[in-house]
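See structure below.
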2 protein chains.
Amino acid sequence: METDAKGSKIIRLAHGAGGSLQSELIDFIVKDIAHKNVNNGVGVKELDDGATIPLQQINKEIVITADGHTVFPLFFPGGDLGKLSICGTVNDLLMMGAEPLALTSIYIIEEGFDFDTLGKIVNSFNRTAKEANIAIIAGDTKVMPKGTLNDVIIATTGIGIKDENIKILDNNLKVGDKIIITGTIGDHGAALMASREGLNLTTDLKSDIAFLKEIHATIEDNIRNNHIHAMKDPTRGGIASALNEWSVKSNVSVWLDEKSIPIKDEVNAVCDILGLDVFQIACEGKALMAVDSNYADEILAKIKSTNLGKEAQIIGETKSENPKKVFLKTVIGGTRFVDMPLGESIPRIC
Amino acid sequence: METDAKGSKIIRLAHGAGGSLQSELIDFIVKDIAHKNVNNGVGVKELDDGATIPLQQINKEIVITADGHTVFPLFFPGGDLGKLSICGTVNDLLMMGAEPLALTSIYIIEEGFDFDTLGKIVNSFNRTAKEANIAIIAGDTKVMPKGTLNDVIIATTGIGIKDENIKILDNNLKVGDKIIITGTIGDHGAALMASREGLNLTTDLKSDIAFLKEIHATIEDNIRNNHIHAMKDPTRGGIASALNEWSVKSNVSVWLDEKSIPIKDEVNAVCDILGLDVFQIACEGKALMAVDSNYADEILAKIKSTNLGKEAQIIGETKSENPKKVFLKTVIGGTRFVDMPLGESIPRIC
């Protein structure tokens with residue numbers, strides 16, 4: 001455990017990287033919070049990546065999610081801070097089975113940052129919000145003195161609405177579920193790292209940043225009928241983090257089939273060069289799902305019919321044996337654990 | 001207009017200071033946003049410091065507000081970043097006539113920050129939330145590499161609920177309204193600046209940081225019956241900023257009576273030493289109101305009956321002549337403008 005000169009335990013980059021140290025930090029922050037009902041006719045319920053406020057009169061729930069966006073560089077292959085902030089928030093809501101409704105935006109900006117560049121980020125933020133049909137309803141701006149913040153960060157809170165009987169939860173995987181990924185993994189992390197490290201790749205590897213509305217829409221019936229047991233966009237920590245979390249919370253094991261997992265050659269190459277584990281790096285436009293096996297082929301076909309989901313695959317299934325672990329059947333016939341990342345030390349990936 | 005070496009217009013500290021440059025920055029960020037209704041049975045309406053989502057079935061509205069908290073130092077006389085984050089958010093909701101319901105919290109932390117100090121902030125945040133009876137329902141944490149962020153900042157979004165017929169709005173002042181302040185002004189700004197500048201004051205000047213639930217509760221009937229036309233906690237930019245904004249939006253003039261405005265001697269002293277305008281510096285536990293003159297004495301008496309409101313005063317009134325301006329009748333009998341601050345250049349005051 002890392003400490004400073006006085007022996008105090010200190011925050012490491014890995015505490016923000018979506019792995020087990022991230023969980024430790026979150027536990028530290030929330031340990032004394034009493035989630036509770038509020039006594040004015042509108043209660044509050046906990047949910048995986050956010051929370052809901054029941055609207056009993058209309059059998060719906062308001063869904064809430066929060067995100068800090070600190071990506072570096074501000075402009076990367078395929079996107080920028082503004083687009084990332086909207087896509088991240090919209091995807092969190094969609095992955096909870098909700099229709100994105102509105103969001104709040106808080107810009108924190110370094111003194112001396114230039115308006116031209118800010119304008120590009122703001123335009124991208126506002127344009128993507130419009131494309132995603134989500135209203136920006138409240139905001140704040142703060143300026144920090146030069147040298148106390150690197151450039152600009154954006155914090156968003158997303159608000160959506162969903163039918164109260166939709167249950168998409170990390171602890172809801174059933175034995176026999178099929179695991180679906182809606183396209184190639186690791187594109188965002190690999191593109192960002194390649195651009196940061198100045199790798200001169202001849203290919204045009206880009207972030208997969210996108211909002212998942214098209215995919216959400218095509219499987220809306222399956223969502224409403226609870227054929228989707230869990231759903232997540234695997235950002236920080238990649239599919240390794242998401243699947244390990246599911247397996248622990250649902251008390252099942254997950255068995256992945258390596259040869260069915262879609263990965264771009266360029267992404268594999270960047271991971272090889274930089275020593276990254278492709279299962280642990282971020283996507284920004286993919287959905288990972290655990291679905292009722294009776295509907296898996298139907299759901300896969302629907303996803304494949306969309307522009308974003310052409311490369312979707314069933315990449316594994318859940319079992320009862322050896323619960324709380326994720327296994328990979330490798331291409332060469334072996335089996336290995338897919339570990340929860342300790343903390344991948346790719347700072348400012350999202 | 002300040003520019004960088006390439007001639008680009010740049011962000012100045014004053015763009016974050018609650019004055020007219022702040023308004024310019026906000027306009028820049030929101031200029032392309034189309035506030036719109038969303039077509040799923042739950043619309044979105046704009047409001048002054050936030051927005052509302054109508055819940056027509058129960059004649060209520062969900063109220064939303066957003067805040068970035070960057071205060072420096074993290075611990076100041078009377079409070080800390082954690083307490084400030086909760087009070088700021090709760091007060092924004094109360095000042096919109098809403099009952100605080102829930103909030104989201106986003107912690108952004110510098111690598112190397114120590115857990116002991118973080119723990120103190122987190123405990124204060126969670127404890128104050130409990131005292132204020134507001135649930136923390138979703139959150140996020142990000143870690144930024146050492147040297148790219150000074151310590152830690154918190155971004156919050158508050159969610160409250162109010163009766164749909166309560167109208168407390170910046171553009172709602174009527175000619176003849178009385179202006180009430182619930183206690184002394186400038187305490188927070190003066191205490192923070194004195195501690196930053198290392199002024200060795202023999203007095204124990206503290207921030208007035210507090211949540212205004214007690215005051216909100218005592219005038220709840222007046223809020224429900226729309227005797228309160230406008231209400232705001234005058235933080236960045238002080239009462240000068242709040243009153244100028246009201247006068248412009250409501251097309252009235254505001255006439256303040258200097259001798260009735262409660263100001264602590266120590267606050268006046270700090271302002272004199274540091275060259276600050278007491279009307280332009282932040283309170284963090286005061287409400288400024290424009291109220292129906294028929295109920296002004298009743299409302300004042302109720303506020304004075306609370307612990308927080310003992311020093312409340314009627315400090316002025318609105319008129320139709322010379323609209324969109326704020327005037328001060330000075331102690332020595334003259335009259336001067338109270339200007340909208342351009343930007344007070346007290347960074348990280350809240």
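The values are calculated or read from the model by the stated rules, or taken from the named source; none is laboratory data. All figures in this text were calculated on a predicted structure; none of them were measured in a lab. Cβ: placed from backbone, ideal geometry, glycine included. Neighbour counts: every protein chain shown.
Looking only at residues in the stretch B:191-210 that are at pLDDT below 95 and hydrophobic (A, V, I, L, M, F, W, C), which one is farthest from residue B:346 (Cα to Cα)?
The qualifying residue farthest from residue B:346 (Cα to Cα) is B:201.
Name the residues in the stretch B:328-341 that are in a loop (DSSP other than H, G, I, E, B) and surrounded by 14 or more Cβ atoms within 10 Å (Cβ to Cβ), would you?
Hits for the stretch B:328-341 are B:338, B:339, B:340, B:341.
Looking at (1) over 20 Å from the mean Cα position of the chain (by Cα); (2) surrounded by 14 or more Cβ atoms within 10 Å (Cβ to Cβ); (3) modelled with pLDDT under 95; (4) not basic (Lys, Arg), which one does residue A:298 not meet, given that it meets all the others?
Result: residue A:298 passes all but (3).
Report yes if some residue within the stretch A:266-279 is of a type in the set (Phe, Trp, Tyr), under 25 Å from residue B:144 (Cα atoms) and touching a residue at least 60 places away in the same chain (Cβ under 8 Å); otherwise report no.
yes
Might you let me know whether the stretch B:172-184 holds any residue that is within 21 Å of the chain's Cα centre (by Cα), farther than 29 Å from residue B:333 by Cα and not assigned by TED's automatic domain parsing to the domain that holds residue B:275?
Yes, the stretch B:172-184 contains a residue that is within 21 Å of the chain's Cα centre (by Cα), farther than 29 Å from residue B:333 by Cα and not assigned by TED's automatic domain parsing to the domain that holds residue B:275.
Take residue B:257 and decide whether it is free of Cβ contacts under 8 Å to residues at least 12 places away in the same chain and either of a type in the set (A, V, I, L, M, F, W, C) or surrounded by fewer than 23 Cβ atoms within 10 Å (Cβ to Cβ) (or both).
no
Would you please name the residue that is farthest from residue B:347 (Cα to Cα), looking only at residues in the stretch B:265-291 that are in a loop (DSSP other than H, G, I, E, B) and out of contact with any strand residue (DSSP E or B) (no Cβ under 8 Å at 6 or more places or on another chain)?
B:285
Could you tell me how many of the residues in the stretch A:86-122 are among the small types (Gly, Ala, Ser) and within 12 Å of residue A:69 (Cα to Cα)?
2
Could you check how many residues of the stretch A:68-115 are in a strand (DSSP E or B) and facing another protein chain (nearest Cβ under 10 Å)?
The number of residues fulfilling the criteria is 15.
Report, by residue number, each residue of the stretch A:134-150 that is more than 23 Å from residue B:235 (Cβ to Cβ) and within 7 Å of chain B (Cβ to nearest Cβ).
A:135, A:150
Looking only at helices (runs of 4 or more DSSP H) that lie completely in the stretch B:151-252, which have at least 2 residues being away from chain A (no Cβ under 14 Å) and buried (at least 20 other Cβ atoms within 10 Å of the Cβ)?
Filter on the stretch B:151-252 gives B:187-197, B:238-250.
Which of the following residues is of a type in the set (A, V, I, L, M) and free of Cβ contacts under 8 Å to residues at least 40 places away in the same chain: A:230, A:210, A:290, A:301?
A:301
Which one of these does residue A:347 not meet: (1) under 30 Å from residue A:149 (Cα atoms); (2) touching a Ser or Thr at 6+ places or on another chain (Cβ under 7 Å)?
(2)
List pairs: first residue in the stretch A:99-127 and free of Cβ contacts under 8 Å to residues at least 24 places away in the same chain, second residue of a type in the set (Asp, Glu) and surrounded by fewer than 23 Cβ atoms within 10 Å (Cβ to Cβ) anywhere in the structure, Cβ distance under 7 angstrom, at least six positions apart or on different chains.
A:114/B:4
Write out, first by first residue and then by second, each pair whose Cβ atoms fall under 6 Å of each other, whose residues are 6+ apart or on separate chains, and whose first residue, in the stretch B:52-80, is closer than 18 Å to residue B:123 by Cα while the second is aromatic (Phe, Trp, Tyr) and at pLDDT 90 or above.
Pairs found: none.
What are the residues in the stretch A:128-145 that are outside any strand (DSSP E or B) and without any contact (Cβ under 8 Å) to a residue 40 or more places away in the chain, if any?
A:130, A:145
Here's a check for you: in the stretch A:116-132, which residue that is at the interface with another protein chain (Cβ under 7 Å from one of its Cβ atoms) and within 28 Å of residue A:163 (Cα to Cα) is surrounded by the fewest Cβ atoms within 10 Å (Cβ to Cβ)?
So the residue we want is A:130.
Can residue B:171 be described as of a type in the set (S, T, N, Q) and either farther than 22 Å from residue B:302 by Cβ or without any contact (Cβ under 8 Å) to a residue 60 or more places away in the chain (or both)?
Yes, satisfied.
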